[in-house]
Each structure stands twice: as C-alpha cells, then as structure tokens.
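This report concerns only the one structure given below.
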Amino acid sequence: MAQEDVFKKVVSHCKEYGFVFPSSEIYDGLAAVYDYGQNGVELKNNIKQYWWQSMVLLHDNIVGIDSAIFMHPTIWKASGHVDAFNDPLIDNRDSKKRYRADVLIEDQIAKYDEKIDKEVAKAAKRFKENFNEEQYRTTSPKVLELQEKRDALHERYSKAMNAMDLDELRQIILDEEIVCPISGTRNWTEVRQFNLMFSTEMGSTADGSMKVYLRPETAQGIFVNYLNVQKTGRMKIPFGIAQIGKAFRNEIVARQFIFRMREFEQMEMQFFVKPGTELDWFKTWKETRLKWHKALGFGSENYRFHDHEKLAHYANAATDIEFLMPFGFKEVEGIHSRTNFDLSQHEKFSGKSIKYFDPELGESYTPYVIETSIGVDRMFLSVLSASYKEEQLENGETRVVLSLPPALAPVKLAVLPLVKKDGLPEKAREIVNELKFHFNTQYDEKDSIGKRYRRQDAIGTPFCVTVDHETLSDNCVTLRNRDTMKQERVPINQLNAIIADQVSLTSLLKKLI
Ligand code: GAP
C-alpha cells in the first residue's frame, strides 16, 4: 500500500472507530483542532501513563507537577516568546493562501532528496544484486548534480534562518521557482514575522484588564516552579521536574491531521544539572529517550536522530527524535541542552534569586537544564500509523488490525457470549465484572462472532474470550489472540493470570531498566 494511502486510511480509521474526531464537526469543524473519542482517549491516557511512569516512577530524582495554563505575562517576555516566537510567513497573491516561508523551502529540499532517492532506486532495479548504493551515490553525475543543488540550497537556507533574513528567504523562494500549490503561480508577497501565541484578556475592563497568553509550551511552568519544588521536595542536583499538559500555538501551516495542531498536549521534563556536566547529561537523555520509543517494538529502523545545525541562542546542543510517519521521517520529540538561559531570564525579570546552593561544592550556581519535550498527539499518530495493518487472510478476506503494544491498547479484553440467550450473556457479564478491576474489559453481544472479532481487531484489543454453552459446565472459555488469531481453551479462573502481565504497563516499563 502506498504510504499516502496508509495515511488517509489511518485518518478515516481514527474517525470510524472513535479515536479522533474533527473538533466542532457539526459546525463544519475548526481547523487544526481535534477531539479524542472513546477509544482515542484511552490510548492517549495509556501513552501519557507510559511516559509519566517512565519518568516519575522509575527515577527517584524526578518529580511531577501540574502548573496552570495561564501564567503571568512577563514570563513570556522573559522566555523570549513575546519577541521571538515567530514564524516567517508569505502570502500568494493569486490564491490568497498563506504559507510558512521556511516550510516551502524545506519542502523544496525534501523534493531534491526524493529525486535523489528515485535515481538510486531506479539504478538498484537496473543493476540488481551487483548494485553498490554508496558507490552510485558518490559517482553518478545525475545524483551528484542533484546533491550539489540540494546542499547549496540547504546552506543558503540555514544562513537565512540563522540571521532571520526575511528578504533572503523570499529570494530563495523566487530563485527556486517555488509555486503556490493552489494557484500554481509565483506571485508572492514579502515575508513577514508572525507571533504564534494566542492571547486573551484577564479581568474585567472596568478594573483594567491584563493581556495574558495561552502557554505555547509547558516548560515555562516548570522553570517558574523550580525553586518551589527544589525547596519543598529537598531536591538535590541533578534532578528533574516532569509535566504533561496542553499547549497552544496559532500554527499557520496546520496540516497532516494531528501532527500540527493549534491546541495540543506536551510531555516535558526539565532536568537540572551542574554547569559543565550538561553535555554528558544531554547524551544520557538522548539514549534514555530513544530506548523509551524503541521499547514499543515498532522497529529500530523507524527512528533516527536529527541533530540541529541551527541552535537557538540559548542552547548548546539539540536533537530531534524522528519517527518514520506515512509522510516521511518527522520530529516526535525534541531534546535540548538549554544552558541556564531560562532560569537566568526569570531571575532577571522577577528580581528573585533562583540559585542552587551545592552542598558538595560549597557554592551557589544557576543550574543548567536538559529538556526532553514530546508531543502526545504526535506520539499518538506515530503509534497508530505503525500499528495500522491490512492483512490478507487465507479465506480471501481482508482484516484491518491495529497491532498496538498491548499495554497501550484502549481495551485489553473483549468478552463475547456466543449467543444472546441460554444464560451465556449472564456468564459473560460475570467474567467482565470480575476482570474489570484488573484491566479495561468490554462486553459485546451484537452481530456474529466473526464480526465482533473484526471490530475488536480494528481497535487493537489484544485478547477476546468467547463464552459458549460448554462454558456453563466446564467453566472454560475460548481465548483468542489478536495477532496470531490462535484460539485456546482456558479456565476462567486463569484469565487474569494469563492476560494481566501481557497487557500491563509494568512489562513495558521493565524493558527500560
Ligand atoms: N519546550 C520545548 C518545546 O516546546 P518544540 O520542539 O517546540 O519544543 C516539542 O515542541 C514537541 O511538541 C515537538 O517535538 C512536537 O512533538 C510537539 N509539538 C510542537 N508543536 C506542535 C503542534 N503544533 N502540534 C502538535 N504537536 C506539537
């Protein structure tokens, strides 16, 4: 199946099976805002639990907080968001559509990459087993020419972005003859800066209201609580503070479903360290976070690091963990060595000392910070895209199955009475009532058993049990495995022991140690 088709199918599957709905749909929706349905919220909560427990439960030097979305507006001045949280925008005069200039150029760079890959794939087909990819990439005149153009563009673009040279960004778009995908023309306006923060008024106008922002990241809630947590928790450096919460950005290029949203959720952890040790900790957190992703079992080849060439002025190292989405490798998580920029800025703007007294050194300093920042929604999309499968069965039918890691699946067990009579529904409900205290268990009696299995496969339920007439006498049920579709007869009183361990977060968390 073409990757484009996979993506379309994932989006419609999300809607059809209660994972994700467009927000305000009966009013024709609200762009780049989505709601999570009955299965989506369970999967999302499981992802959040996996992250939270891996941070707070498994590390005795990491604690969590839940700070407010509204914060004092000066915080966003101190953090640099008021002045610099901007995207460079450009309009096409014919289509009246607005684009991010940097995204137009990055897409152009990606086109060169695609062309190169196509050339390589063509040659691989032609030369078959004699093909040496590395040699071809370094000697083929066509590939070399494309590579040279690509690298020159990349260098020019990086320079322009580093200097935030808006005229140069526009000139690149003109020189590369980039056209508007809607109008097909090159009738571009100037490039302008656009701040991504949403703002609103707090307080009544009679009292004098104050402009406040919806937070564009959860991290600042951690920085401004650093002292509270350090003192009340008697935390010793190195230590971390974790938080999960909503963030808001007025994204202009909102596309690719829940990949880029205007309201989304972040899971961020700020790890406070002694100055000079930050690059070692950066390395440690890179490895720790990649291990967390890989433990889900989607295959190592689907992940890669993308180290930043253009560093924010406050960072001395930064990387993204990218995942192979149906639309290419994309950032799911950022890991940043943010120096002591944020704490120093809050010290300066608040006038309060935010120093740490290090008892071992006998001196005070402003801690350095390693940040790990992952979007819940992007993680959700990566999990769904990697799990969505269409399988050809021996009987010629196709089954759609979400091979979710069992610990993340919304429902762990479906209990299905073979028929809706003869006491089977009552027996099935008895099993549900017993097991629902251990894991998410669902009762389903509608339609044929085959259809019910398909429905559970489609939402990724790892196990189904069927209650039949024999169950009433032998107290055994047929247990069906989602992935193998194998069925076995097991005693009801052993169900919990067989299933609980396989679907628990604990078994996933143990892979991290
Ligand atoms: N505190 C650092 C920070 O916010 P970021 O790279 O801007 O860094 C971190 O965002 C993560 O948040 C990203 O890797 C991505 O997963 C998620 N994210 C950012 N913008 C998003 C958006 N508009 N929609 C969905 N997720 C987003």
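Overview of values
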read-out: Members of region 438-494 found to be part of a strand (DSSP E or B) and surrounded by fewer than 18 Cβ atoms within 10 Å (Cβ to Cβ), listed by number; value: Y443, N481, Q487, E488, R489, V490, P491
read-out: Filter result for the condition that a residue is among the acidic types (D, E) and open to solvent by less than 50 Å² (accessible area, probe 1.4 Å), over E148, E155, E176, E201; value: E176
read-out: Single unsatisfied condition, R260 versus (1) closer than 30 Å to I237 by Cβ; (2) within 14 Å of the ligand (Cβ to nearest atom); (3) open to solvent by 20 Å² or more (accessible area, probe 1.4 Å); value: (1)
read-out: Which numbered condition D66 fails, given (1) part of a loop (DSSP other than H, G, I, E, B); (2) open to solvent by less than 60 Å² (accessible area, probe 1.4 Å); value: (2)
read-out: Which listed residue, of A312, A317, A295, is assigned by TED's automatic domain parsing to the domain that holds I237, under 23 Å from Y157 (Cβ atoms) and more than 11 Å from the ligand (Cβ to nearest atom); value: A317
read-out: Residues satisfying the stated conditions in region 214-253, i.e. within 14 Å of the ligand (Cβ to nearest atom), over 20 Å from the mean Cα position of the chain (by Cα) and farther than 20 Å from S344 by Cα; value: L214
read-out: K77 being under 22 Å from the mean Cα position of the chain (by Cα), over 30 Å from L174 (Cα atoms) and surrounded by 13 or more Cβ atoms within 10 Å (Cβ to Cβ); value: no
read-out: Residue identified as more than 30 Å from Q230 (Cα to Cα) and not in a helix (DSSP H, G or I) among D35, D5, D60; value: D35
read-out: Index of the failed condition, R93 passing every other in (1) open to solvent by 60 Å² or more (accessible area, probe 1.4 Å); (2) modelled with pLDDT under 95; (3) charged (D, E, K, R); value: (2)
read-out: Residue in region 185-194 that is open to solvent by 50 Å² or more (accessible area, probe 1.4 Å), touching a Pro at 6+ places or on another chain (Cβ under 7 Å) and closer than 22 Å to F349 by Cα present; value: no
read-out: A160 being among the hydrophobic types (A, V, I, L, M, F, W, C) and outside any helix (DSSP H, G or I); value: no
read-out: Strands (runs of 3 or more DSSP E) enclosed by region 185-281 - at least 2 residues per element that are touching a residue at least 60 places away in the same chain (Cβ under 8 Å); value: 192-195, 210-213, 239-248, 263-273
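The values are calculated or read from the model by the stated rules, or taken from the named source; none is laboratory data. For clarity, every value in this text was computed on a predicted model and none was experimentally measured. FYI the Cβ positions are ideal-geometry reconstructions off the backbone, even for glycines, and counts take in every protein chain you see. Surface accessibility is based on the protein's heavy atoms, side chains included, excluding ligands, DNA and RNA. Shrake-Rupley method; radii C 1.70, N 1.55, O 1.52, S 1.80 Å.
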